[in-house]
Structures are given as C-alpha cells and as structure tokens.
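Inspection log for the structure reproduced underneath, given as structure tokens.
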Amino acid sequence: MALNKSTLSEQIYQILRSDILHQRIPLGEKLTLKNLQAQFEVSSTPIREALTRLTEDGLVRYYSNIGVNVIELSKQDLTELYQFMGDLDRLAILYSGNSPEREQIYKNGEIIKAGDLMKQHLEDSLQYALSCL
C-alpha cells in the first residue's frame, strides 16, 4: 500500500494549483477560507499555507481584509503570452536547421508553410482568447 507522505497543505496546494491552471477554478474567482475548509474538511492552517504558496507562485492575489482571488489576465497579458508562444515556435524552426533530417524538413518549402500555418493559428487563437475577456 502506497502512503501519501506529503503534508495536507502540500496536497491542498497541488489540488488548487491544478484546478487554477486547468481553469476548473475560473480566473478572478474569490477563494474563501470557509468554503475551502468545507471542501477539504481540514482546519484553516493547511489552507492558509497552501494559499500562501499560491500567492508566492503568482496564481492568486491576497487583499488585506478582503481575501484571496485567483488572478485575472488582461488583454496585454494574453497578447504577451501569444507573442512568447510565437517566439518559441520560431526558435523551434531555427533549431530544426541543425537537425540531421533538415533536408527532409526543408524539402519543398514545407518549413515555411508550417511556419505560416503556426503564425495564423496563433493569431486566430489570440483573437479568440481576447474575445472571451
């Protein structure tokens, strides 16, 4: 039998982190100590520790005398994320030139077509994400 040796706060942190990253907890959602205590059936101490770690990770914001909210992304944030993704794609294409299969990759201008497709996909995705704000 495998025992879970991580602390309660670690387990709660991992669950909340995953829920935020996979958007099971929506952006901007207020996280209350009372609701989290009921959800996890634990005292406030491990929840506070988990929320402190999420604050340090930048996934939630603590507001004095108000509580904790999941961060929200602005249009600028989304634009920067998609620009970064595009930069990573361009670097991948650049580094593919060092691949032993580079002749196959560059055959018939396929790499250029792929780059154009990636650029269009990123632009479409960004427009969709911005329309959801």
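The values are calculated or read from the model by the stated rules, or taken from the named source; none is laboratory data. Keep in mind it's a predicted model, so treat the numbers as computed, not measured. All Cβ positions, glycine included, derive from the backbone under ideal geometry; neighbour counts span all protein chains shown. All accessible areas refer to the heavy atoms of the entire protein, side chains included, with ligands and DNA or RNA removed. Shrake-Rupley method; radii C 1.70, N 1.55, O 1.52, S 1.80 Å.
Before moving on, here are some points about what is shown:
- Taking the average, over residues, of other Cβ atoms within 10 Å as the packing measure, peptides 66-72, 21-27 rank 66-72, 21-27 from highest down.
- Accessible-area order (highest first, 1.4 angstrom probe) of the listed residues ASP19, ASP77, ASP57: ASP57, ASP77, ASP19
- FRET efficiency for ILE15 and GLN120, using Cβ-Cβ distance with R0 set to 30 Å, rounded to 0.05: 0.20
- At an R0 of 41 angstrom, the distance between the Cβ atoms of GLN83 and ASN35 translates into a FRET efficiency of 0.70.
- Taking the protein heavy atoms of the range 1-91 in the context of the full set of protein chains, the accessible area attributed to carbon and sulfur is 52 percent at 1.4 Å.
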